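The values are calculated or read from the model by the stated rules, or taken from the named source; none is laboratory data. All of these numbers come straight from a predicted model, not from anything done at the bench. Methodologically, a virtual Cβ is constructed for each residue, glycine included, from the backbone with ideal geometry; neighbour enumeration extends over all protein chains shown. Ligands, DNA and RNA are excluded from the accessible area calculation, which covers all protein heavy atoms including side chains. Shrake-Rupley method; radii C 1.70, N 1.55, O 1.52, S 1.80 Å.
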Amino acid sequence: MEKFKLVLVLLSTAFWCETRAQEAPSPFSEPSIGYLHQFAGASERVFIFERYDAEGKLVARDVKALTEPVVIDGASRRTIGGYAISLRGLVECPQKEVTYNRKQRWACEKAAADYMGAIYNRRASVILCKTLVLRSLRKEPDPSSCFALVGGKNSDPLMVVNDDDAMVFLGLASIGKTDGGASRRPDLLHSQNLSGSDVQP
């Protein structure tokens, strides 16, 4: 049975690798497993930072091995591979405290650090962040959307963790609004409607 599962994982990985070239880079859509898997290193974590112009065209891509832990500076702030990042269009910690692990009351920022720290620093093999900022401003984080490829070991299936979506769904961040009252992240409205503070690590 274990051999059968391993064969399925290998076949699935081969399919993703074969079809990844068909996926065009996009500033807004969640990347597929195959798109992220093409950057995977043999034994080290890899960070990719992509910059897109106003028309959605990829104009720059930085790929590097992650030699230092990802720092979760807040529910919507990260430091990854030397880049200061804020999750695009999100407002962190609408509640100062959340229910964590179903029974414990934790500070929102501490819960976010514990949850995403585990994803980025213990489970992820590839991390991708995408921004519409063409050049970083001094001392200003780049508004980005971030994703992590996890799994692939001990027959665990590969999957993509959407950082933006996770923070909204878990009630650790809410969607910001424009001056006119429009949602800055209509793609996450469904997750916000389902949001709760019953956060589990």
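A few comments on the model shown:
- Were the residues from Gln104 through Arg135 laid out at 0.36 nm apart, the gain over their Cα-Cα distance would be 7.0 nm.
- Computed lengthening from Leu194 to Ser43, 0.36 nm per intervening residue step minus Cα-Cα distance: 50.7 nm
- Per-residue Karplus couplings for segment 121-130, computed as 6.51 cos²θ - 1.76 cosθ + 1.60 with θ equal to phi - 60°, are listed in order as 9, 10, 10, 7, 9, 9, 10, 10, 10, 10 Hz, Gly and Pro entered as x.
- Accessible surface for His190 stands near 130 Å², nearest 10, in the context of the full protein assembly shown (1.4 Å probe).
- Calculated from backbone phi, Karplus (6.51, -1.76, 1.60) coupling profile of segment 31-36 in Hz, x at Gly/Pro: x, 6, 4, x, 4, 6
- Overall size of segment 64-172 from C-alpha positions, given as principal axis extents largest first: 43, 37, 21 Å.
- Accessible area per residue in Å² at 1.4 Å probe, computed on the chain: 56 Å²
- Computed over the chain, the per-residue total of -39500 (n - 2.57) for DSSP H runs of n ≥ 4 gives a 222 nm mean residue ellipticity of -6500 deg cm²/dmol, rounded to 500.
- Label selected from [x] 64, 39, 31; [y] 86, 43, 33; [z] 50, 44, 32, the criterion being Cα extents along the principal axes in Å as computed here: [z]
- Shape category assigned to segment 118-201 from the gyration tensor of Cα positions, a/c cut at 1.5: oblate
- When the solvent-accessible area of the chain is split by element, carbon and sulfur atoms take up 52 percent of it, the probe being 1.4 Å.
- Separation in nanometres of the label points that stand 7 Å from Cα toward Cβ, at Glu55 and Thr67: 3.8 nm
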